[in-house]
Amino acid sequence: MSFSPEHVSRALRHLRRSDPVLKQVIDRVGPFQLEPRRGRFQSLVRSILAQQISTAVARSMLRKLEARLAPRKLTPESLGGLSFDDLRGLGLSRQKSTYLQDLTDKVVSKTVKLHRVHRLTDEEIIEELIQVKGIGRWTVQMFLIFCLGRPDVFAPDDFGLRSAIQKLYGLAELPKRAEAEAIAAPWRPHATVASWYLWRSLELPS
C-alpha cells in the first residue's frame, strides 16, 4: 500500500495533538514523503545485503548481483540458480551468502509465503519472516514500513530512532526499549509516520 493523503492528514493531526515535541519536528521537516518500495523478495534481499555495512557498499553489492543475473530479474528462482560459490565470487561474505540461500530456499519451497503476507497482521508477518536465517525482528519491521507501508510500526531497537528520541526528548543516554516504547505510545496508531519524522529529524541542523 501507499500512504494516502487522507491517512497522512489524520496521522499528522493526531501526532501534532498528542506530542508537542513531535509537532515541532513535523513543522521543521515539512511534508511526509515515504513511498513504499515494490518487490517483497527484493526488499528482503536488500535488507540482508545492508546488514552491518554502509549503504553505498550495500548498493554496490546489489548492482553486482543484479548484473550477474541479467537479463533475468532478481527473483527467488533466478537467485536460486546461483551457487554458494557464485555468491561468494560477487564479494558477499559467507554469512550473507548463507542468508540469501536460506531466504531463497524458504520462499521457493513456500515455507515462507511472501505472496500472502499482506493478509497477515504485523506480528504474524514478523513470525513468518524470522524463520529465515539472518532476518530478525528489526529487519521485518523495516520491511513492514518500507515495503508493505504498514501504518503503525515502531522499531524500539533501531539505533536511528533511539538517537532521535535521545536528542529530541533531552535524555542523558540512549533510551532502553521500554522507555522508547513509552515515549512512542501516544503516537499510536500512526507510529510509522512518527518514525519517519524522527529519522528525518537527524538531518536537521542543531
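List of remarks:
- Filtered residue count, the range 1-25, keeping only those that are of a type in the set (Gly, Ala, Ser) and outside any helix (DSSP H, G or I): 2
- Extreme residue, surrounded by the fewest Cβ atoms within 10 Å (Cβ to Cβ), among residues of the range 9-18 that are within 10 Å of Pro186 (Cβ to Cβ) and not hydroxyl-bearing (Ser, Thr, Tyr): Arg17
- Residue match in the range 32-51 (condition: in contact with a Phe, Trp or Tyr (Cβ under 9 Å, 6 or more places away or on another chain), of a type in the set (Phe, Trp, Tyr) and modelled with pLDDT of 95 or more): yes
- Which numbered condition Val21 fails, given (1) touching a residue at least 60 places away in the same chain (Cβ under 8 Å); (2) crowded, with 17+ Cβ neighbours inside 10 Å: (2)
- Test result for Glu179, at pLDDT 95 or above and assigned to a helix (DSSP H, G or I): yes
- So Phe154, is it in a loop (DSSP other than H, G, I, E, B), of a type in the set (Phe, Trp, Tyr) and crowded, with 19+ Cβ neighbours inside 10 Å: yes
- Single match in Leu198, Leu174 (criterion: touching a residue at least 24 places away in the same chain (Cβ under 8 Å) and out of contact with any Asp or Glu (no Cβ under 8 Å at 6 or more places or on another chain)): Leu198
- Inter-residue pairs, beta-carbon under 6 Å, first more than 20 Å from Ser2 (Cα to Cα) and in the range 128-148, second in a helix (DSSP H, G or I) and aliphatic (A, V, I, L, M), 6+ apart: Leu129/Val140; Val132/Leu103; Gly134/Ile48; Ile135/Leu129; Arg137/Ile126
The values are calculated or read from the model by the stated rules, or taken from the named source; none is laboratory data. Computed from a prediction, not measured in an experiment: that's the story for all the values here. Neighbour counts are summed over all protein chains in view; Cβ atoms, including those assigned to glycine, are modelled from backbone coordinates with ideal geometry.
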